[in-house]
Every structure is written in C-alpha cells, then in structure tokens.
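Let me begin by presenting the structure, written as structure tokens, before commenting on it.
The values are calculated or read from the model by the stated rules, or taken from the named source; none is laboratory data. The structure presented is a predicted model; accordingly, all values stated were derived computationally and were not measured. Note that we place each Cβ from the backbone using ideal geometry, even for glycine, and neighbour counts take in every protein chain shown.
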Amino acid sequence: MPWKPAARILGAALVLGLALAALGVLAREPVTNASEAFVGHFGLGGVAFMVWVIDSFFIQNEPALFVGYTGGLGFVPVWLTASAASVLAGATGWSMGRWVGPRGPMLWLIERTGARSLLAEYGGWAIAVAAVGPFPYAPTTWAAGAAGVPFIEVVIGCLFRVPKIAFLLGVIALGWNVGVA
C-alpha cells in the first residue's frame, strides 16, 4: 500500500515527539547540561561529524540533531549543518560502495534485496525515496555506488534529506518544548 511508508514516518515522528516531551519534563536539566557540554566543546562541527558518521554507517541521525538543538545551537544552524553533513554522508556511502564494489556482503545486499534492478531503473529517485522515507539511507547509498548509479544522480537524490531533517528537527523541537513556558 502506498500509504504505509507515510504512516510509518508519521507514527515514528509521533513516538519521537512524545518520547522527547517526556524526556523534557522528566530530565530537562541533565539532558540540557550534557548537550550544552557537547556543544560547548565540539560546536556545530561536532554535530556535523556525528551526522556524517551516523548517516554513512547505517543508523539514525536523530540523536545528533537532538544534541545540537538542546545544546543551544538553534534550529536553523543545526538544520543546515546536519543537512550538509547528511548529503556528504550519502556521497561517502556511494564512494564506499564504489570502492567495495558488488562483491561479498555488498553483492548479497544488492542481489538479495533487488536493489540492483531498482537502482538501475530509478537511479537517483531510489536514493530520494530512501532519503525521505523510512528506508535505510546508508545501505541504499552504498548499494548505489556498488551498482554504478552515476554520482550526480546520487547527490541529487541525497538532497531530499534536507526537508526530512527539517521535519525531524521540527518534531524534536516541538517534543522537547512541550510544556515549556
């Protein structure tokens, strides 16, 4: 069903927002102190590095967004920095996929999941769907490199991370600020 991915995204956003609202009510001071310590020591560069590593290697980037936002860096700087780092992570994933090539675990991934035919047919659009959807972004960019999707198509697809990061950061900000006067 075409509505299932959207429902999964909205459901995950609701859970994230509620979890952050609870965290903000129950542990605002220690979380804020820890985030401010991280931001004070590493700044936006630390947030960028966290997002780059996270988005390059198979896990979600919400913790980095959360730390940057609650550490006092502000919505727009965190959004722009995380967006740039995420697009760079997509390019890194593509490069790693090209370097590893379609062999070993990468061959299994692109053959077993049908990624090769999907990427051959849709190219950058497949990356765009992974960039905004509830699909694994990093494995898709790696598979795109291994499958030989042109770099420019991958980068254009990765740009779809920009609105997703804005959405996630908005959910984080909204959840974190519930009940704050």
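For residue 160, the stated conditions hold: it is of a type in the set (A, V, I, L, M, F, W, C), modelled with pLDDT of 90 or more and farther than 30 Å from residue 36 by Cβ. Any idea which of (1) modelled with pLDDT of 85 or more; (2) in a helix (DSSP H, G or I); (3) not polar (S, T, N, Q) is the one residue 107 doesn't satisfy? Of everything listed in (1) modelled with pLDDT of 85 or more; (2) in a helix (DSSP H, G or I); (3) not polar (S, T, N, Q), residue 107 misses just condition (1). For the stretch 32-48, the candidate set comprises residues that are out of contact with any helix residue (DSSP H, G or I) (no Cβ under 6 Å at 6 or more places or on another chain) and surrounded by 15 or more Cβ atoms within 10 Å (Cβ to Cβ); within that set, the residue that is farthest from residue 172 (Cα to Cα) is 42.
Evaluate the following for residue 89: is it under 15 Å from the mean Cα position of the chain (by Cα), among the aliphatic types (A, V, I, L, M) and surrounded by 23 or more Cβ atoms within 10 Å (Cβ to Cβ)? Yes, satisfied. The sole residue among 138, 84, 115 that is surrounded by fewer than 18 Cβ atoms within 10 Å (Cβ to Cβ) and among the aliphatic types (A, V, I, L, M) is 84.
Write out, first by first residue and then by second, each pair whose Cβ atoms fall under 7 Å of each other, whose residues are 6+ apart or on separate chains, and whose first residue, in the stretch 58-73, is on the phi > 0 side of the Ramachandran plot while the second is part of a helix (DSSP H, G or I). Within 7 Å, the pairs are 58/138; 58/139; 72/36; 72/39. Residue count for the stretch 143-170 under the criterion of being closer than 23 Å to residue 81 by Cβ and either buried (at least 19 other Cβ atoms within 10 Å of the Cβ) or acidic (Asp, Glu) (or both): the result is 8. Only one entry of 73, 65 meets the criterion of being modelled with pLDDT of 85 or more, under 14 Å from the mean Cα position of the chain (by Cα) and either buried (at least 17 other Cβ atoms within 10 Å of the Cβ) or not in a loop (DSSP other than H, G, I, E, B) (or both), and that entry is 65. Of all the numbered requirements in (1) at pLDDT below 80; (2) in contact with a Pro (Cβ under 8 Å, 6 or more places away or on another chain); (3) not small (Gly, Ala, Ser), residue 16 misses one, and that requirement is (2).
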